[in-house]
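Q: Here it is, the structure in full.
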Amino acid sequence: MIARTDAAVQTIPAQQLGVPSWQQQLRDAITDPQQLLHRLALPATLLAGSDAAHASFPLRVPVAYLERMRRGDPHDPLLLQVLPQARESDILPGYSSDPLGEAAANPVEGVIHKYHGRLLLIVSGGCAVNCRYCFRRHFPYADNQLGGAAWQRVLDYLRDDASLSEVILSGGDPLATPDPRLAAMLDDLQGIPHLRRLRIHTRLPVVIPDRVTPALVRMLADNRLRSVLVTHINHPNELDAPVAAALARLATAGTRLLNQSVLLRGVNDDVDTLRRLSETLFEHGVLPYYLHLLDPVSGAAHFDRGEQASRALVGQLATQLPGYLVPQLVREQAGALAKVPLAPLIPGAHR
Ligand code: SF4
(Lines give C-alpha, C1' and ligand atoms only; values in the text may rest on other atoms or scores of the structure.)
Protein backbone atom coordinates (compact mmCIF):
# COMPACT_ATOMS: atom_id res chain seq x y z
CA MET A 1 0.00 0.00 0.00
CA ILE A 2 2.76 2.42 0.96
CA ALA A 3 4.71 1.59 -2.17
CA ARG A 4 1.67 2.30 -4.36
CA THR A 5 1.15 5.68 -2.75
CA ASP A 6 4.83 6.53 -3.27
CA ALA A 7 4.67 5.47 -6.90
CA ALA A 8 1.67 7.70 -7.49
CA VAL A 9 3.45 10.71 -5.99
CA GLN A 10 6.52 10.01 -8.08
CA THR A 11 4.55 10.36 -11.30
CA ILE A 12 3.62 13.98 -10.57
CA PRO A 13 5.67 16.11 -12.98
CA ALA A 14 8.46 18.08 -11.27
CA GLN A 15 6.97 21.43 -12.34
CA GLN A 16 3.75 20.69 -10.47
CA LEU A 17 5.78 20.22 -7.29
CA GLY A 18 7.43 23.61 -7.78
CA VAL A 19 10.70 22.03 -8.96
CA PRO A 20 12.22 23.35 -12.21
CA SER A 21 11.71 21.01 -15.17
CA TRP A 22 14.66 18.84 -16.15
CA GLN A 23 15.21 21.06 -19.19
CA GLN A 24 15.40 24.11 -16.94
CA GLN A 25 17.83 22.26 -14.67
CA LEU A 26 19.92 21.50 -17.75
CA ARG A 27 19.97 25.18 -18.67
CA ASP A 28 20.81 26.14 -15.07
CA ALA A 29 23.83 23.82 -14.90
CA ILE A 30 26.96 25.46 -13.53
CA THR A 31 29.50 26.18 -16.24
CA ASP A 32 31.85 28.54 -14.40
CA PRO A 33 34.56 26.67 -12.45
CA GLN A 34 35.02 29.60 -10.04
CA GLN A 35 31.32 29.58 -9.21
CA LEU A 36 31.44 25.84 -8.59
CA LEU A 37 34.30 26.21 -6.13
CA HIS A 38 32.68 29.20 -4.47
CA ARG A 39 29.50 27.19 -3.84
CA LEU A 40 31.58 24.41 -2.31
CA ALA A 41 33.56 26.84 -0.12
CA LEU A 42 36.78 25.84 -1.87
CA PRO A 43 39.63 28.12 -2.94
CA ALA A 44 39.94 29.24 -6.57
CA THR A 45 43.61 28.18 -6.41
CA LEU A 46 42.40 24.65 -7.18
CA LEU A 47 41.93 25.89 -10.74
CA ALA A 48 45.55 26.96 -11.26
CA GLY A 49 46.69 26.01 -14.76
CA SER A 50 43.34 24.50 -15.77
CA ASP A 51 42.21 27.17 -18.29
CA ALA A 52 43.19 25.11 -21.34
CA ALA A 53 41.37 22.04 -19.99
CA HIS A 54 38.21 24.05 -19.34
CA ALA A 55 38.45 25.73 -22.77
CA SER A 56 38.74 22.43 -24.65
CA PHE A 57 36.15 20.55 -22.56
CA PRO A 58 34.10 23.03 -20.53
CA LEU A 59 32.94 22.38 -17.03
CA ARG A 60 29.25 21.49 -16.77
CA VAL A 61 27.59 20.42 -13.51
CA PRO A 62 23.85 20.34 -12.74
CA VAL A 63 22.91 21.80 -9.37
CA ALA A 64 21.23 18.54 -8.30
CA TYR A 65 24.62 16.83 -8.66
CA LEU A 66 26.55 19.65 -7.00
CA GLU A 67 24.31 19.30 -3.96
CA ARG A 68 25.69 15.81 -3.36
CA MET A 69 29.29 17.10 -3.09
CA ARG A 70 30.82 17.75 0.33
CA ARG A 71 31.48 21.41 1.01
CA GLY A 72 35.08 22.25 1.81
CA ASP A 73 36.48 18.93 0.54
CA PRO A 74 38.80 19.28 -2.47
CA HIS A 75 39.00 15.48 -2.68
CA ASP A 76 35.26 14.92 -2.89
CA PRO A 77 34.80 11.99 -5.32
CA LEU A 78 32.01 13.70 -7.24
CA LEU A 79 33.92 16.96 -7.56
CA LEU A 80 36.99 15.14 -8.89
CA GLN A 81 34.91 13.71 -11.73
CA VAL A 82 33.97 17.16 -13.05
CA LEU A 83 36.65 19.67 -12.06
CA PRO A 84 39.06 20.73 -14.87
CA GLN A 85 42.66 20.22 -13.85
CA ALA A 86 46.01 21.51 -15.12
CA ARG A 87 47.32 17.97 -15.71
CA GLU A 88 44.68 17.37 -18.39
CA SER A 89 46.99 19.30 -20.72
CA ASP A 90 49.85 16.80 -20.30
CA ILE A 91 50.68 15.00 -23.53
CA LEU A 92 51.43 11.37 -22.77
CA PRO A 93 52.33 8.40 -24.97
CA GLY A 94 49.46 5.95 -25.45
CA TYR A 95 46.74 8.56 -24.92
CA SER A 96 44.78 9.86 -27.89
CA SER A 97 41.63 11.72 -28.89
CA ASP A 98 40.00 8.52 -30.22
CA PRO A 99 41.22 5.75 -27.90
CA LEU A 100 38.61 3.21 -29.02
CA GLY A 101 39.08 3.71 -32.76
CA GLU A 102 35.47 4.80 -33.21
CA ALA A 103 36.28 6.82 -36.34
CA ALA A 104 36.97 3.50 -38.09
CA ALA A 105 33.59 2.07 -37.04
CA ASN A 106 31.38 4.96 -38.14
CA PRO A 107 29.74 3.60 -41.34
CA VAL A 108 26.92 6.16 -41.37
CA GLU A 109 26.66 9.53 -39.67
CA GLY A 110 25.56 8.92 -36.06
CA VAL A 111 26.25 5.16 -36.08
CA ILE A 112 29.08 3.30 -34.32
CA HIS A 113 29.00 -0.33 -35.41
CA LYS A 114 31.77 -2.41 -33.83
CA TYR A 115 30.18 -5.59 -32.51
CA HIS A 116 28.02 -8.34 -33.99
CA GLY A 117 24.27 -8.00 -33.53
CA ARG A 118 24.21 -4.55 -32.01
CA LEU A 119 25.19 -1.03 -32.78
CA LEU A 120 25.24 2.29 -31.13
CA LEU A 121 23.49 5.49 -32.15
CA ILE A 122 24.88 8.89 -31.21
CA VAL A 123 21.48 10.33 -30.42
CA SER A 124 22.71 13.53 -28.79
CA GLY A 125 25.97 15.43 -28.68
CA GLY A 126 25.00 17.11 -25.42
CA CYS A 127 25.45 15.94 -21.86
CA ALA A 128 24.07 17.19 -18.58
CA VAL A 129 27.47 16.79 -16.97
CA ASN A 130 30.92 16.84 -18.49
CA CYS A 131 32.94 14.01 -16.98
CA ARG A 132 36.67 14.63 -17.18
CA TYR A 133 37.45 10.96 -17.89
CA CYS A 134 35.02 10.71 -20.82
CA PHE A 135 36.47 8.77 -23.75
CA ARG A 136 34.29 10.83 -26.11
CA ARG A 137 35.50 14.19 -24.84
CA HIS A 138 37.04 14.83 -28.29
CA PHE A 139 34.29 13.12 -30.35
CA PRO A 140 33.22 14.99 -33.52
CA TYR A 141 29.56 15.37 -32.52
CA ALA A 142 29.03 18.07 -35.15
CA ASP A 143 29.64 15.43 -37.87
CA ASN A 144 27.19 12.99 -36.27
CA GLN A 145 23.88 14.80 -36.01
CA LEU A 146 20.83 12.60 -36.41
CA GLY A 147 18.24 15.05 -37.71
CA GLY A 148 16.07 14.65 -40.85
CA ALA A 149 17.82 12.90 -43.74
CA ALA A 150 20.59 11.54 -41.48
CA TRP A 151 17.98 9.74 -39.33
CA GLN A 152 16.47 8.19 -42.46
CA ARG A 153 19.93 6.93 -43.48
CA VAL A 154 20.32 5.38 -40.02
CA LEU A 155 16.95 3.63 -40.36
CA ASP A 156 17.94 2.32 -43.80
CA TYR A 157 21.20 0.99 -42.35
CA LEU A 158 19.30 -0.76 -39.55
CA ARG A 159 16.69 -2.23 -41.90
CA ASP A 160 19.37 -3.57 -44.26
CA ASP A 161 21.21 -5.57 -41.61
CA ALA A 162 19.02 -8.38 -40.30
CA SER A 163 21.81 -9.58 -37.99
CA LEU A 164 21.08 -6.63 -35.72
CA SER A 165 18.90 -7.40 -32.72
CA GLU A 166 19.81 -4.55 -30.39
CA VAL A 167 20.13 -0.80 -30.69
CA ILE A 168 22.04 1.17 -28.09
CA LEU A 169 21.20 4.82 -27.63
CA SER A 170 24.29 6.73 -26.64
CA GLY A 171 25.85 10.13 -27.01
CA GLY A 172 26.61 12.53 -25.45
CA ASP A 173 23.68 11.58 -23.32
CA PRO A 174 20.74 10.17 -25.28
CA LEU A 175 18.31 11.35 -22.60
CA ALA A 176 19.28 14.96 -23.33
CA THR A 177 16.87 14.45 -26.24
CA PRO A 178 13.37 15.84 -25.53
CA ASP A 179 10.66 13.23 -24.92
CA PRO A 180 8.64 13.89 -28.12
CA ARG A 181 11.74 13.45 -30.31
CA LEU A 182 12.79 10.37 -28.36
CA ALA A 183 9.30 8.91 -28.70
CA ALA A 184 9.37 9.43 -32.47
CA MET A 185 12.76 7.69 -32.69
CA LEU A 186 11.60 4.73 -30.59
CA ASP A 187 8.53 4.44 -32.75
CA ASP A 188 10.68 4.16 -35.86
CA LEU A 189 12.97 1.64 -34.19
CA GLN A 190 10.23 -0.66 -32.96
CA GLY A 191 8.92 -0.80 -36.53
CA ILE A 192 12.07 -2.66 -37.67
CA PRO A 193 11.09 -6.33 -37.25
CA HIS A 194 14.50 -7.87 -36.53
CA LEU A 195 15.23 -5.50 -33.63
CA ARG A 196 14.40 -6.98 -30.23
CA ARG A 197 16.14 -4.91 -27.59
CA LEU A 198 16.70 -1.27 -26.87
CA ARG A 199 19.53 -0.23 -24.58
CA ILE A 200 20.09 3.28 -23.25
CA HIS A 201 23.38 4.36 -21.74
CA THR A 202 22.88 7.46 -19.68
CA ARG A 203 24.08 9.54 -16.79
CA LEU A 204 21.09 11.89 -16.80
CA PRO A 205 18.90 10.02 -14.25
CA VAL A 206 21.91 10.25 -11.92
CA VAL A 207 22.75 13.92 -12.29
CA ILE A 208 19.18 15.23 -12.90
CA PRO A 209 16.78 12.56 -11.58
CA ASP A 210 13.78 14.64 -12.70
CA ARG A 211 14.75 13.59 -16.23
CA VAL A 212 12.88 10.35 -15.55
CA THR A 213 9.54 11.83 -16.53
CA PRO A 214 6.27 9.90 -16.65
CA ALA A 215 6.42 10.20 -20.45
CA LEU A 216 9.89 8.61 -20.55
CA VAL A 217 8.87 5.79 -18.23
CA ARG A 218 5.79 5.12 -20.36
CA MET A 219 7.56 5.18 -23.70
CA LEU A 220 10.09 2.60 -22.52
CA ALA A 221 7.42 0.41 -20.96
CA ASP A 222 5.07 0.55 -23.95
CA ASN A 223 7.68 -0.11 -26.61
CA ARG A 224 7.75 -3.50 -28.34
CA LEU A 225 11.53 -3.63 -27.78
CA ARG A 226 12.67 -4.91 -24.37
CA SER A 227 14.33 -1.98 -22.71
CA VAL A 228 17.52 -1.98 -20.69
CA LEU A 229 18.82 1.19 -19.12
CA VAL A 230 22.49 1.28 -18.18
CA THR A 231 23.25 3.93 -15.60
CA HIS A 232 26.77 5.30 -15.28
CA ILE A 233 27.37 5.58 -11.55
CA ASN A 234 30.92 5.57 -10.23
CA HIS A 235 30.51 6.27 -6.54
CA PRO A 236 27.86 5.45 -3.89
CA ASN A 237 27.55 9.16 -2.99
CA GLU A 238 25.96 9.69 -6.41
CA LEU A 239 22.95 7.63 -5.36
CA ASP A 240 20.72 9.85 -3.22
CA ALA A 241 16.98 9.55 -2.56
CA PRO A 242 15.79 11.37 -5.72
CA VAL A 243 18.02 9.14 -7.88
CA ALA A 244 16.70 6.06 -6.09
CA ALA A 245 13.13 7.23 -6.72
CA ALA A 246 13.86 7.83 -10.42
CA LEU A 247 15.34 4.35 -10.76
CA ALA A 248 12.34 2.86 -8.96
CA ARG A 249 9.98 4.52 -11.46
CA LEU A 250 11.83 2.86 -14.33
CA ALA A 251 12.14 -0.54 -12.65
CA THR A 252 8.47 -0.59 -11.60
CA ALA A 253 7.47 -0.07 -15.20
CA GLY A 254 9.61 -3.00 -16.34
CA THR A 255 12.84 -1.44 -17.58
CA ARG A 256 15.84 -3.53 -16.58
CA LEU A 257 18.56 -1.57 -14.82
CA LEU A 258 22.27 -2.25 -15.06
CA ASN A 259 25.20 -0.09 -14.05
CA GLN A 260 28.62 0.44 -15.47
CA SER A 261 31.41 2.33 -13.78
CA VAL A 262 34.87 3.45 -14.71
CA LEU A 263 37.62 2.67 -12.23
CA LEU A 264 38.99 6.12 -11.43
CA ARG A 265 42.06 6.87 -9.35
CA GLY A 266 41.14 9.00 -6.36
CA VAL A 267 37.38 8.53 -6.94
CA ASN A 268 36.45 4.89 -6.48
CA ASP A 269 39.71 2.90 -6.51
CA ASP A 270 39.38 1.26 -3.12
CA VAL A 271 37.59 -1.89 -2.04
CA ASP A 272 35.32 -0.23 0.49
CA THR A 273 33.95 2.28 -2.04
CA LEU A 274 33.40 -0.39 -4.69
CA ARG A 275 31.69 -2.68 -2.19
CA ARG A 276 29.38 0.09 -1.03
CA LEU A 277 28.66 1.04 -4.63
CA SER A 278 27.61 -2.51 -5.55
CA GLU A 279 25.49 -2.92 -2.43
CA THR A 280 23.78 0.45 -2.84
CA LEU A 281 23.08 -0.18 -6.51
CA PHE A 282 21.51 -3.51 -5.71
CA GLU A 283 19.37 -2.00 -2.95
CA HIS A 284 17.96 0.28 -5.63
CA GLY A 285 17.28 -2.49 -8.13
CA VAL A 286 20.38 -1.98 -10.28
CA LEU A 287 22.81 -4.78 -11.07
CA PRO A 288 26.52 -3.85 -11.21
CA TYR A 289 27.51 -4.91 -14.70
CA TYR A 290 30.86 -3.61 -15.92
CA LEU A 291 33.78 -1.93 -14.26
CA HIS A 292 35.84 -0.38 -17.04
CA LEU A 293 39.50 0.32 -17.02
CA LEU A 294 40.04 3.93 -18.01
CA ASP A 295 40.03 4.36 -21.78
CA PRO A 296 43.30 6.11 -22.65
CA VAL A 297 41.83 9.39 -23.81
CA SER A 298 44.01 12.50 -23.86
CA GLY A 299 43.42 14.58 -20.78
CA ALA A 300 42.39 11.76 -18.44
CA ALA A 301 45.66 9.96 -17.64
CA HIS A 302 45.60 11.07 -14.01
CA PHE A 303 42.56 8.82 -13.44
CA ASP A 304 44.33 5.67 -14.62
CA ARG A 305 44.76 2.94 -12.01
CA GLY A 306 46.68 0.44 -14.16
CA GLU A 307 45.69 -3.08 -15.13
CA GLN A 308 47.42 -5.16 -12.45
CA ALA A 309 46.30 -2.93 -9.59
CA SER A 310 42.74 -2.98 -10.96
CA ARG A 311 42.72 -6.77 -11.18
CA ALA A 312 43.99 -7.00 -7.61
CA LEU A 313 41.33 -4.57 -6.44
CA VAL A 314 38.51 -6.54 -8.03
CA GLY A 315 40.03 -9.75 -6.62
CA GLN A 316 39.75 -8.27 -3.14
CA LEU A 317 36.23 -7.08 -3.90
CA ALA A 318 35.28 -10.63 -4.87
CA THR A 319 36.27 -11.82 -1.40
CA GLN A 320 33.70 -9.46 0.15
CA LEU A 321 30.64 -9.79 -2.08
CA PRO A 322 28.53 -12.50 -3.70
CA GLY A 323 29.47 -13.05 -7.33
CA TYR A 324 26.41 -11.27 -8.72
CA LEU A 325 27.51 -8.04 -7.05
CA VAL A 326 31.03 -8.10 -8.46
CA PRO A 327 31.07 -6.16 -11.73
CA GLN A 328 33.08 -7.64 -14.56
CA LEU A 329 36.37 -5.82 -15.02
CA VAL A 330 36.83 -5.05 -18.72
CA ARG A 331 38.98 -3.15 -21.09
CA GLU A 332 37.65 -1.79 -24.35
CA GLN A 333 40.18 -2.16 -27.12
CA ALA A 334 40.17 -0.56 -30.55
CA GLY A 335 39.56 -3.23 -33.20
CA ALA A 336 38.51 -5.98 -30.73
CA LEU A 337 35.19 -7.68 -31.51
CA ALA A 338 34.03 -7.60 -27.89
CA LYS A 339 35.05 -6.02 -24.63
CA VAL A 340 38.07 -7.79 -23.17
CA PRO A 341 37.43 -9.28 -19.68
CA LEU A 342 40.27 -9.05 -17.18
CA ALA A 343 40.44 -11.80 -14.57
CA PRO A 344 40.43 -10.63 -10.95
CA LEU A 345 43.51 -11.55 -8.94
CA ILE A 346 41.92 -13.50 -6.09
CA PRO A 347 43.98 -13.50 -2.89
CA GLY A 348 45.13 -17.05 -2.08
CA ALA A 349 44.31 -18.46 -5.52
CA HIS A 350 47.07 -20.35 -7.41
CA ARG A 351 48.39 -18.45 -10.42
S1 SF4 B 1 29.12 10.96 -22.59
FE2 SF4 B 1 28.75 10.20 -20.51
S3 SF4 B 1 30.81 10.09 -19.60
FE4 SF4 B 1 30.94 11.41 -21.41
S5 SF4 B 1 30.68 13.48 -20.59
FE6 SF4 B 1 28.67 12.75 -21.27
S7 SF4 B 1 27.74 11.88 -19.43
FE8 SF4 B 1 29.92 12.07 -19.01
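Q: With modelled with pLDDT of 95 or more and open to solvent by 40 Å² or more (accessible area, probe 1.4 Å) as the only criterion, which of 330, 340, 326 stands out? I'd like the intermediate steps shown before the answer.
A: Values: 330 fails: open to solvent by 40 Å² or more (accessible area, probe 1.4 Å); 326 fails: open to solvent by 40 Å² or more (accessible area, probe 1.4 Å).
Checking each option against the conditions leaves just 340.
Q: If a residue must be under 19 Å from the mean Cα position of the chain (by Cα) and more than 28 Å from residue 238 (Cα to Cα), how many such residues does region 115-138 contain? Steps first, answer last, please.
A: Residues of region 115-138 under 19 Å from the mean Cα position of the chain (by Cα): 118-138.
So of that shortlist, the ones also more than 28 Å from residue 238 (Cα to Cα) come out as 118-119.
Adding up the residues that qualify gives 2.
Q: Take the residues of region 189-203 that are of a type in the set (Lys, Arg) and part of a loop (DSSP other than H, G, I, E, B): which is nearest to residue 70 (Cα to Cα)?
A: Going through region 189-203, the residues of a type in the set (Lys, Arg) turn out to be 196-197, 199, 203.
With the extra rule that they be part of a loop (DSSP other than H, G, I, E, B), the set shrinks to 196, 203.
Details: 196: 43, 203: 20 Å.
The qualifying residue nearest to residue 70 (Cα to Cα) is 203.
Q: Of everything in region 172-181, what is assigned to a helix (DSSP H, G or I) and under 18 Å from the mean Cα position of the chain (by Cα)? Give them in sequence order.
A: 174, 175, 176, listed by residue number.
Q: Taking the options 94, 49, name whichever one is more than 12 Å from the ligand (Cβ to nearest atom), assigned to a loop (DSSP other than H, G, I, E, B), farther than 30 Å from residue 338 by Cβ and of a type outside the set (A, V, I, L, M). Spell out the reasoning first.
A: On the way: 94 fails: farther than 30 Å from residue 338 by Cβ.
Among 94, 49, only 49 is more than 12 Å from the ligand (Cβ to nearest atom), assigned to a loop (DSSP other than H, G, I, E, B), farther than 30 Å from residue 338 by Cβ and of a type outside the set (A, V, I, L, M).
Q: Please go through (1) open to solvent by less than 10 Å² (accessible area, probe 1.4 Å); (2) touching a Ser or Thr at 6+ places or on another chain (Cβ under 9 Å); (3) more than 16 Å from the ligand (Cβ to nearest atom); (4) free of Cβ contacts under 8 Å to residues at least 40 places away in the same chain for residue 192 and return the number of the only condition it doesn't satisfy.
A: Of the numbered conditions (1) open to solvent by less than 10 Å² (accessible area, probe 1.4 Å); (2) touching a Ser or Thr at 6+ places or on another chain (Cβ under 9 Å); (3) more than 16 Å from the ligand (Cβ to nearest atom); (4) free of Cβ contacts under 8 Å to residues at least 40 places away in the same chain, the odd one out for residue 192 is (2).
Q: While we're here: Just one of 277, 293, 287, 321 is under 30 Å from residue 251 (Cα atoms), more than 16 Å from the chain's Cα centre (by Cα) and of a type in the set (A, V, I, L, M); which is it? Write out each step before concluding.
A: Numbers: 277 fails: more than 16 Å from the chain's Cα centre (by Cα); 293 fails: more than 16 Å from the chain's Cα centre (by Cα); 287 fails: more than 16 Å from the chain's Cα centre (by Cα).
None of the others qualify; the one that does is 321.
Q: Same structure, new question: May I ask you to list pairs of residues, at least six apart or on different chains, whose Cβ atoms are under 6 Å apart, with the first in region 127-138 being open to solvent by 10 Å² or more (accessible area, probe 1.4 Å) and the second being modelled with pLDDT under 95 and near the ligand (Cβ under 6 Å from one of its atoms)?
A: Here the result reads 127/172, each pair linking region 127-138 to a residue that is modelled with pLDDT under 95 and near the ligand (Cβ under 6 Å from one of its atoms).
Q: Moving on. I'd like to verify a number: residues in region 281-294 that are crowded, with 17+ Cβ neighbours inside 10 Å and either farther than 19 Å from residue 78 by Cα or out of contact with any Asp or Glu (no Cβ under 8 Å at 6 or more places or on another chain) (or both), how many? Steps first, answer last, please.
A: From region 281-294, those crowded, with 17+ Cβ neighbours inside 10 Å are 281, 284, 286, 288-294; that's our starting set.
Right, trim to either farther than 19 Å from residue 78 by Cα or out of contact with any Asp or Glu (no Cβ under 8 Å at 6 or more places or on another chain) (or both) and you get 281, 284, 286, 288-291.
Number of matching residues: 7.
Q: Kindly establish whether residue 277 is away from the ligand (no atom under 14 Å from the Cβ) and under 17 Å from residue 329 (Cα atoms). Quick ask: steps written out before the conclusion?
A: Numbers: away from the ligand (no atom under 14 Å from the Cβ): yes; under 17 Å from residue 329 (Cα atoms): yes.
The answer is yes for residue 277.
Q: Further, regarding this structure: Of all residues in region 25-70 being touching a residue at least 60 places away in the same chain (Cβ under 8 Å) and more than 30 Å from residue 246 (Cα to Cα), which is least open to solvent (accessible area, probe 1.4 Å)?
A: 53
One line per residue, one yes/no per condition, for (1) without any contact (Cβ under 8 Å) to a residue 40 or more places away in the chain; (2) within 16 Å of the ligand (Cβ to nearest atom); (3) in a helix (DSSP H, G or I):
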| site | (1), (2), (3) |
| --- | --- |
| 115 | no, no, no |
| 121 | no, yes, no |
| 154 | no, no, yes |
| 163 | no, no, no |
| 167 | no, no, no |
| 170 | no, yes, no |
| 184 | yes, no, yes |
| 187 | yes, no, yes |
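Q: Output the qualifying pairs, or none if there are none: Cβ atoms under 6 angstrom, residues six or more apart or on different chains, first residue in region 252-269 and free of Cβ contacts under 8 Å to residues at least 40 places away in the same chain, second residue of a type in the set (S, T, N, Q).
A: From region 252-269, the pairs are 255/227.
Q: Against the definition (in contact with an Asp or Glu (Cβ under 6 Å, 6 or more places away or on another chain) and more than 14 Å from the ligand (Cβ to nearest atom)), how does residue 150 come out, yes or no? Spell out how you get there, then give the answer.
A: Details: in contact with an Asp or Glu (Cβ under 6 Å, 6 or more places away or on another chain): yes; more than 14 Å from the ligand (Cβ to nearest atom): yes.
Yes; evaluated as a whole, the condition is true for this residue.
Q: Please verify whether residue 68 is closer than 30 Å to residue 272 by Cα and within 12 Å of the ligand (Cβ to nearest atom), treating the condition exactly as stated. Let's see the steps before the verdict.
A: Numbers: closer than 30 Å to residue 272 by Cα: yes; within 12 Å of the ligand (Cβ to nearest atom): no.
No; evaluated as a whole, the condition is false for this residue.
Q: Then there is this: Does residue 97 count as of a type in the set (Ser, Thr, Tyr), within 27 Å of residue 234 (Cβ to Cβ), open to solvent by 30 Å² or more (accessible area, probe 1.4 Å) and in contact with a strand residue (DSSP E or B) (Cβ under 8 Å, 6 or more places away or on another chain)? Please lay out each step first, then the result.
A: Values: of a type in the set (Ser, Thr, Tyr): yes; within 27 Å of residue 234 (Cβ to Cβ): yes; open to solvent by 30 Å² or more (accessible area, probe 1.4 Å): yes; in contact with a strand residue (DSSP E or B) (Cβ under 8 Å, 6 or more places away or on another chain): yes.
The answer is yes for residue 97.
Q: Only one of (1) in contact (Cβ under 8 Å) with a residue 12 or more places away in the chain; (2) under 23 Å from the mean Cα position of the chain (by Cα) is not met by residue 105, so which one is it?
A: (1)
Q: Now a separate question. Restricting to region 309-323, name every residue that is assigned to a loop (DSSP other than H, G, I, E, B) and open to solvent by 60 Å² or more (accessible area, probe 1.4 Å). Show your work before the answer.
A: First pass over region 309-323, keeping only residues assigned to a loop (DSSP other than H, G, I, E, B): 319-322.
Passing the criteria: 319, 320.
Q: Right, another one. Would you call residue 305 closer than 25 Å to residue 349 by Cβ and assigned to a loop (DSSP other than H, G, I, E, B)?
A: Working: closer than 25 Å to residue 349 by Cβ: yes; assigned to a loop (DSSP other than H, G, I, E, B): yes.
Yes; evaluated as a whole, the condition is true for this residue.
The values are calculated or read from the model by the stated rules, or taken from the named source; none is laboratory data. Source: prediction; values computed, not measured. Methodologically, a virtual Cβ is constructed for each residue, glycine included, from the backbone with ideal geometry; neighbour enumeration extends over all protein chains shown. For accessibility, only protein heavy atoms count, side chains too; no ligands or nucleic acids. Shrake-Rupley method; radii C 1.70, N 1.55, O 1.52, S 1.80 Å.
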